[in-house]
Amino acid sequence: MKVTMKPQGTQIIAEFFNCSADILNDSEVIEQIMRDGIDVCALDLVSLSSHCYDPIGITSIAVISESHVAIHTYPEARHASLDIFTCSRDNHKSLNLLDYFKERFTPGSTRIAEISRGNPIEVNSQNWITDDNNLSGFDIRYHIDKDIFSCISKYQNIRIIDNRDFGRMLFLDNDLQIAEKDAFLYNESMVSPLIEAGIPLNNVAILGGGDGGVLYELLKYNPQKVTLIDIDGEVTTACGKYLRGVCHDAFDDERVEIINDDVISFLESNHRFDAIIYDLTMRPEAFVAMDRETFLDRLFTKIKACLNPAGMITVQCCSDYDEEILKMADGILTKFFSDVRFTKTFIPSYCTPWIFASGVNR
C-alpha cells in the first residue's frame, strides 16, 4: 500500500515593509509583542529569547507548544521578517497572530506566503525571476530564456539572463538593474541634463553604474576624463564580458578610470568634478547598517563638497509609485543643490515610470 505523508503544519512567511521604526531595535518591546500575541491567539509559549546585533537589528524566537514564532528586524530599512509555524492543519491561530503583529508593527505594506508542511514543497517557477525589490502593489516577474551568468560576490548576488523581449538583463539581489532593449532610455535620462545645461565635461564621476551603460552614453559627448566608482568589481567584470549590448567597449576607453571602492571612502579624498552622476540606489540599507536618511545625508554632503561651483549632479531616484523615497529624495536634493528638477521616463523593462533628478551646486 502506498503511504503519503499528510501535511502536519502551516508555516506563514511574511515580510513587513515600512514598519513603525521606534520598536524595531527594542528587544524588550518586541518580546512583549510576541508574548501578548501568543497569549491573545491562544497559543502556548514554551520559551522566548532574543539576540541584538551590532550596531542594530534583532532576532527574537519563541518556541511554542505548536512549533515556533520568529521575528527578524532591520531597523535601518524599517523592515521585519516573520515566520509563524504551527503544527496544525487549521491555520486560523497563525493568521490571527499575523494580524496581531500587523496591528503592532503597523507596516505600510506586506508580502505573505503560506506553506503546508509535511509534503514535498514543489518549485514550479524555475524559469522565472521575480523582482524582490518592487514595493508597488504588484509583482514583476521575468521569464528566463537562458541563464548567462550567476555568482555571489562579496556584496551581492549577480545574475545576467536572456529574456525574449528585453534581451540580456542584469539583476543584483533579484533587483533588475538594466536591460539591453531599453537601456538607452535610462542612460539618456542620466546624461542628457548635463548636455542640455552645457556643463563642461573635463572631469566627471559616475557613482555606481557598474553595468557601464551610463558610461557608454556619457562617452558619446567626448568628456576628457571619467571616473567610475563601483564597490563591486565582479559586477563590472561580468558586465564587460556578458553585457556588451549595454556597455559596448566603454570600460576599455582610455579616458575612463574604474575604481572598485566604497563611494564615501573615495569622495573623502578631496576630488573635484564638473559633474557627478548618481547611479546608486536610494535604498542603501542592503549595504549599510544605519538609518537610510542619515547615510544619504552623509553621502550627499560629500558629493556636494566634491562638485565644482555650478557643477551639476544627476540622480536616478525611484519608481514613480514609490512616494516615500521620492519625498525623501526631494528633501535631500533641495537641501544641498539649487535648481532641482525631476523628470519622468517610462522604462518598459521596469514596468513603471522612473523618476530622475538633477541639481546645481550652489
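Key figures
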quantity	calculated
Integer Hz, Karplus 6.51/-1.76/1.60 couplings in order for the stretch 162-172, x for Gly and Pro	9, 10, 4, 8, 10, x, 6, 9, 9, 10, 10
Whether the stretch 279-326 is rounded, prolate or oblate, judged on the alpha carbon gyration tensor where a/c under 1.5 counts as rounded	oblate
Packing rank of 104-113, 352-361, 246-255, where each peptide gets the mean count of other beta carbons within 10 Å, highest leading	352-361, 246-255, 104-113
Two-site label geometry, Asp253 and Asp36: point separation in nm, points 7 Å out along Cα→Cβ	5.8
Folded to 0 to 90 degrees: helix 92-105 orientation relative to the chain principal axis, Cα	40
Largest to smallest principal axis extent of the C-alpha atoms in the stretch 181-361, angstrom	39, 37, 36
Relative contact order (%) - criterion: Cα under 8 Å, at least six apart; region: the chain	12
Eligible lysines near Lys102 by straight Cα distance, threshold 23 Å, same-chain separation 8 or greater	Lys93
Degrees between helix 233-242 axis and first principal axis of the chain (Cα, 0 to 90, nearest 10)	80
Residue-span extension gain [Ile264 to Leu45] - 0.36 nm each, minus C-alpha spacing	74.2 nm
Whichever lysines have a C-alpha closer than 22 Å to that of Lys225, once near sequence neighbours (fewer than 8 apart) are set aside	Lys302, Lys304
Label corresponding to P(r) over Cα pairs in 20 Å bins from 0, in percent when calculated from the structure given, among (i) 26, 50, 21, 2, 0; (ii) 30, 58, 12, 0; (iii) 23, 42, 29, 6, 1	(i)
13 Å beta-carbon shell around Phe251, net charge (K/R +1, D/E -1)	-4
About the Cα centre, charge dipole magnitude for the stretch 313-362 (Lys/Arg +1, Asp/Glu -1 at Cβ), debye	220
Crossing angle, helix 27-40 versus the chain [Cα axis fit, 0-90 degrees, rounded to tens]	40
Phi to ³J(HN,Hα) by Karplus 6.51 cos²θ - 1.76 cosθ + 1.60 over the stretch 268-282, Hz, x for Gly, Pro	6, 8, 6, 7, 10, 9, 6, 8, 10, 9, 8, 10, 10, 7, 8
Length gained when the stretch Ser65-Arg362 is fully extended (0.36 nm per residue, less Cα-Cα span)	100.6 nm
Local electrostatic count at Leu267 - Lys and Arg +1, Asp and Glu -1, tallied over other residues with Cβ under 14 Å	-1
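A short reminder: the numbers here are calculations on the coordinates, not readings from a lab. Keep in mind that what you see is a predicted model, and the values were worked out from it rather than measured. Note that we place each Cβ from the backbone using ideal geometry, even for glycine, and neighbour counts take in every protein chain shown.
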